[in-house]
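The values are calculated or read from the model by the stated rules, or taken from the named source; none is laboratory data. If you're wondering where the values come from, they're calculated on a predicted model, not measured in any experiment. Cβ coordinates were reconstructed from backbone atoms using ideal geometry, including for glycine residues, and neighbour counts include every protein chain displayed.
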Amino acid sequence: MSLDQLPDDHYRPTYEDIHISIGQSARKIKDEFDPDLMVAIGGGGFYPARVLRTFLKKPSALDPNKLRNIPIQAIGLSLYEEVSGTSEGQIGNEVVRTQWLDAKTVSGHKGAAKLEEGKDAGGLLGKNVLIVDEVDDSRTTLQYAYSELLKDVKHAIANLSDDERAALPPTRFAIFVVHNKEKTGGKRGTLPILAADLPKGADKIVDGVSEGVRYYTTQDTGDVWISYPWEEEDIVEHNRLAALAKKLQVNQAK
Ligand code: G4P
Ligand code: MG
């Protein structure tokens, strides 16, 4: 759907629109990155991460005929919302951690490979980690999430024994957002985004970690306001307005 002529400057994707577009992006993500786990940024990233998981199942190591869901870890970051205990100066300027991964979730528990699959606590080390949020607006939140997770992973790798480090596969990061809002003045936050056509495995590994991130979105939008269905109290009205906007566009295109 073209976003040039929105009746009231609100873009209203429906649950179904979002589900379908996530499914389409999932194919590319699976081919190029094949995540082992996701880190969802709450609250906006939770619903997209859960839907995406449906399309990213992997064969079980215990029974290759079975497909299993990949784990979703959760972090809580808030940019615009007031959080108790923060000064006014922090609000809107800084990212506030409301929830983070503990050291064991980053490094994994010893003997985790023996735990039941899907319930294991294998950590982020040596994995393809997909960071998920609903919208990349100023990019501040994503810059923070990526750089802090990277720091935690590097710290955990430094704490391994030489043998453990030598046996560890590379840790890679990618980002998925449902919508990326393009900004005329550029984004406030920055990310070391890898070239979209970089072949699988062609990234540079430094000290066990891939340099840069693959970046995926279902849609680049302009600087419009996106009304997400999960934010609406009246979902019927949301769907009605979404259908109206689509109809209007079809008529204008005639
Ligand atoms: P960024 O500016 O650093 O990129 O951060 P982010 O994309 O996370 O945007 C900051 C907050 O503003 C987020 O809420 C995000 O959901 C919200 N936001 C930005 N643009 C839009 C938009 O077009 N529509 C809607 N509905 N929300 C938008 P948050 O603090 O992360 O809260 P939560 O909903 O994730 O709990
Ligand atoms: Mg959010």
Task: Odd one out for Thr141 among (1) away from ligand 2 (no atom under 16 Å from the Cβ); (2) part of a helix (DSSP H, G or I) - done: (1)
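Residue-by-condition table, conditions (1) touching a helix residue (DSSP H, G or I) at 6+ places or on another chain (Cβ under 8 Å); (2) under 25 Å from Leu6 (Cα atoms); (3) modelled with pLDDT of 95 or more; (4) not in a loop (DSSP other than H, G, I, E, B):
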residue	(1), (2), (3), (4)
Arg188	yes, no, no, no
Ala195	no, no, yes, no
Val213	yes, no, yes, yes
Tyr216	yes, yes, yes, yes
Gln219	yes, yes, yes, yes
Asp223	no, yes, no, no
Glu233	no, yes, yes, no
Glu237	no, yes, yes, yes
TODO: Looking only at region 27-52, count how many residues are assigned to a helix (DSSP H, G or I) and either among the hydroxyl-bearing types (Ser, Thr, Tyr) or within 19 Å of His179 (Cβ to Cβ) (or both).
DONE: 10
Open item on the list: Among the residues in region 39-51, are any away from ligand 2 (no atom under 16 Å from the Cβ), crowded, with 20+ Cβ neighbours inside 10 Å and aromatic (Phe, Trp, Tyr)?
Closed with: no
Task: One residue from Val178, Val213, Val206 being surrounded by fewer than 12 Cβ atoms within 10 Å (Cβ to Cβ) and among the β-branched types (Val, Ile, Thr) - done: Val206
Task: Members of region 182-201 that are of a type in the set (D, E, K, R) and away from ligand 2 (no atom under 16 Å from the Cβ) - done: Glu182, Lys183, Asp197, Lys200
Open item on the list: Just the residues that are assigned to a loop (DSSP other than H, G, I, E, B) and within 29 Å of Trp230 (Cα to Cα), please, taken from region 169-184.
Closed with: Glu182, Lys183, Thr184
- [ ] Test Leu67 against the stated conditions and say whether it is over 17 Å from the mean Cα position of the chain (by Cα), more than 27 Å from Ser227 (Cβ to Cβ) and at pLDDT 90 or above.
- [x] yes
TODO: Run Ala166 past the list (1) away from ligand 2 (no atom under 16 Å from the Cβ); (2) among the small types (Gly, Ala, Ser); (3) in a loop (DSSP other than H, G, I, E, B) and report the number of the one that doesn't hold.
DONE: (3)
TODO: List the number of the failed condition for Ser147; all other conditions in (1) closer than 25 Å to Gly108 by Cβ; (2) in a strand (DSSP E or B) hold.
DONE: (2)
